[in-house]
């Protein structure tokens, strides 16, 4: 398949060819040239047909240094665009020989090409789709397809601290995106003339890096002051924006700006020094930045990470916090409601069994539990002491809900899973429809002062809707108010659960993390999800209500945060005004 590589490389060259606006006279140094007495590594060639990128075929090369010992896991770096023009094998030979970088295998991968299906037709060139895209697909291709193939023949380290990525132009942003999406797999990034512009959303990194909880990455960026300035943006400005964002968020990052155009000469000339920088102090692990910048530090505590709650497994249908710092969680498959104490440990004496497939759950006045039984289509009010069988009272009939909240006065708001509309149940049991303005309404939460109800849609939108609560419990002045972060290319934030804190901030469990938004509706920060994909439920717990619980894929996690959770059945509080 050498013709595929040739087609792809000629396509890349055509994309990158621009008139030189500067001398671009960067020269290779001794470490980029063969040196006497330095043993040469071996390069072998392979082919792969991808399932992540269906139909794409590519040849790739693997460089193995002479110092490689199969009995010891080796570091590995992945070079996009096949590592073209960087003299990777020669530089690795010299630096590994001088012990200026660890023993490292290089995997040099060109972009995929879907061969033409008819004579004389063009192949489908996958480069921009694979490299410029903001999804986790390219990282998944490396992790699920390339690494297993290379690992059949070589002993690759599984430690993300031992793995790096490098690329130029669109390959540069691809290197960053793969590490950004999967810091559990890659920690070291080198980008030469990276395409951090709006080819396929790369300009968004400027704000995302500032808002997301920092990741354990070390990043080197290079560009030329005479790089491209075209329809998708300015390359020098894009790289400078990303660097500024990385420094703002406390990352170990470096940016070198030369005077060249969109060219690989500068990057090739400094590659040895860049590798020394990216691998410096190895094997010391690359750590998560510990610098908290406003507004992220309003919630995030550096050094605090998710930890699983021991003894809890299985799908969680709903979670609700109690006034003593406990958290209740419904386990519909087990027909059980469990209690996690303020210390973060399950309290088996308070567990409630015998409730058929409990789902949506809330705590009401007098600490009674309200839980939906979807099979019987009813909301039950449960009250039980330790070790007692719960006493049931049917509050609402003909309802199927996984989302409900209870006010301080004892009224219930819920979204019905069948029609996506919002209903209100007064303390005396009168039920009525109060809003159908949010199609497919799902998660909902009260503001700390209980004058507003926030609702998000289960599928259709990026917005969090704010509805004003009237004295009679009805809802008015519905507005698409909270501007939730949506992954590039998606249509919705994927919000599955909501919570609030005493500052009046909204916490939204979403696909890309737990977003927190100020009272003006803006995303101010995003905490990492404990596992891939959105959490099913979130709730504040702990004795001081600063422990955030998150149910994700059948596992319950907890972590300390700075925000203090609000319990809707308690006395309403007035949060501080937003910064406008």
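The values are calculated or read from the model by the stated rules, or taken from the named source; none is laboratory data. No experiment lies behind these values; they were computed from the predicted model shown. Here Cβ is always computed from backbone atoms with ideal geometry, including for glycine, and neighbour counts include all displayed protein chains.
Just one residue in the set 552, 535 is closer than 16 Å to residue 510 by Cβ and crowded, with 23+ Cβ neighbours inside 10 Å; that residue is 535.
A count restricted to the stretch 234-257 and to residues that are in a strand (DSSP E or B) and closer than 30 Å to residue 160 by Cβ stands at 6. One residue stands out among those in the stretch 122-139 that are part of a helix (DSSP H, G or I) and farther than 13 Å from residue 200 by Cα: the one that is farthest from the chain's Cα centre (by Cα), which is 138.
Per the listing 211, 284, the residue uniquely closer than 28 Å to residue 530 by Cα and over 18 Å from the mean Cα position of the chain (by Cα) is 284. Would you check if residue 37 is on the phi > 0 side of the Ramachandran plot and loosely packed, with under 15 Cβ neighbours inside 10 Å? Considered against the rule, which asks whether it is on the phi > 0 side of the Ramachandran plot and loosely packed, with under 15 Cβ neighbours inside 10 Å, residue 37 comes out as yes. Only one of the numbered conditions (1) closer than 17 Å to residue 296 by Cβ; (2) surrounded by fewer than 21 Cβ atoms within 10 Å (Cβ to Cβ); (3) more than 17 Å from the chain's Cα centre (by Cα) is not met by residue 528, and that is (3).
Annotation: of all residues in the stretch 431-451 being within 22 Å of residue 319 (Cβ to Cβ) and assigned to a strand (DSSP E or B), the one that is nearest to the chain's Cα centre (by Cα) is 443.
Sort out which residues of the stretch 452-478 are without any contact (Cβ under 8 Å) to a residue 24 or more places away in the chain and either within 20 Å of residue 520 (Cβ to Cβ) or part of a strand (DSSP E or B) (or both), and write them in order of number. Selection gives 452, 463, 468, 469, 476, 477. Put simply, of 287, 298 the only residue that is surrounded by fewer than 17 Cβ atoms within 10 Å (Cβ to Cβ), outside the structural domain of residue 101 (by TED's automatic domain parsing), touching a strand residue (DSSP E or B) at 6+ places or on another chain (Cβ under 9 Å) and farther than 15 Å from residue 194 by Cβ is 287. The residues in the stretch 196-210 that are over 13 Å from residue 244 (Cβ atoms), in contact with a strand residue (DSSP E or B) (Cβ under 9 Å, 6 or more places away or on another chain) and either at pLDDT below 95 or assigned to a loop (DSSP other than H, G, I, E, B) (or both) can be counted, and the count is 3. Sort through 54, 111 and tell me the only one that's in the same structural domain as residue 227 (by TED's automatic domain parsing), surrounded by 12 or more Cβ atoms within 10 Å (Cβ to Cβ), modelled with pLDDT of 95 or more and assigned to a loop (DSSP other than H, G, I, E, B). Just a single option satisfies the conditions, and that option is 111. Residues in the stretch 471-516 that are out of contact with any strand residue (DSSP E or B) (no Cβ under 8 Å at 6 or more places or on another chain) and at positive phi were compared, and the one that is modelled with the highest pLDDT is 504.
Select, from 85, 120, the only residue that is on the phi > 0 side of the Ramachandran plot, at pLDDT below 95 and buried (at least 16 other Cβ atoms within 10 Å of the Cβ). 85 is the lone residue from the list that is on the phi > 0 side of the Ramachandran plot, at pLDDT below 95 and buried (at least 16 other Cβ atoms within 10 Å of the Cβ). Looking at this structure, is residue 276 closer than 16 Å to residue 163 by Cα, in contact (Cβ under 8 Å) with a residue 12 or more places away in the chain and buried (at least 18 other Cβ atoms within 10 Å of the Cβ)? Spelling it out, it is not the case that residue 276 is closer than 16 Å to residue 163 by Cα, in contact (Cβ under 8 Å) with a residue 12 or more places away in the chain and buried (at least 18 other Cβ atoms within 10 Å of the Cβ).
Of all positions in the stretch 262-270, none carries a residue that is under 14 Å from residue 172 (Cα atoms), surrounded by fewer than 18 Cβ atoms within 10 Å (Cβ to Cβ), touching a strand residue (DSSP E or B) at 6+ places or on another chain (Cβ under 6 Å) and in the same structural domain as residue 85 (by TED's automatic domain parsing). Here the condition is being over 28 Å from residue 364 (Cα atoms) and without any contact (Cβ under 8 Å) to a residue 24 or more places away in the chain; of 528, 490, it holds for 490 alone. Across the stretch 306-330, the qualifying residues are those that are out of contact with any helix residue (DSSP H, G or I) (no Cβ under 9 Å at 6 or more places or on another chain) and assigned to a loop (DSSP other than H, G, I, E, B), and the one among them that is surrounded by the most Cβ atoms within 10 Å (Cβ to Cβ) is 325. Applying the set (1) touching a strand residue (DSSP E or B) at 6+ places or on another chain (Cβ under 8 Å); (2) buried (at least 20 other Cβ atoms within 10 Å of the Cβ); (3) in contact (Cβ under 8 Å) with a residue 60 or more places away in the chain; (4) closer than 24 Å to residue 285 by Cα to residue 74 leaves exactly one unmet item: (2). Close Cβ contacts (under 9 Å, 6 or more residues apart or on different chains) running from residues in the stretch 294-312 that are over 11 Å from residue 548 (Cβ atoms) to residues that are at pLDDT below 90 and surrounded by fewer than 13 Cβ atoms within 10 Å (Cβ to Cβ) comprise 295/579; 302/290; 303/290; 311/348.
The residues in the stretch 405-424 that are modelled with pLDDT under 95 and either part of a strand (DSSP E or B) or not assigned by TED's automatic domain parsing to the domain that holds residue 373 (or both) can be counted, and the count is 0.
Among the residues of the stretch 331-362, count how many are within 16 Å of residue 375 (Cα to Cα) and part of a loop (DSSP other than H, G, I, E, B). Adding up the residues that qualify gives 8.
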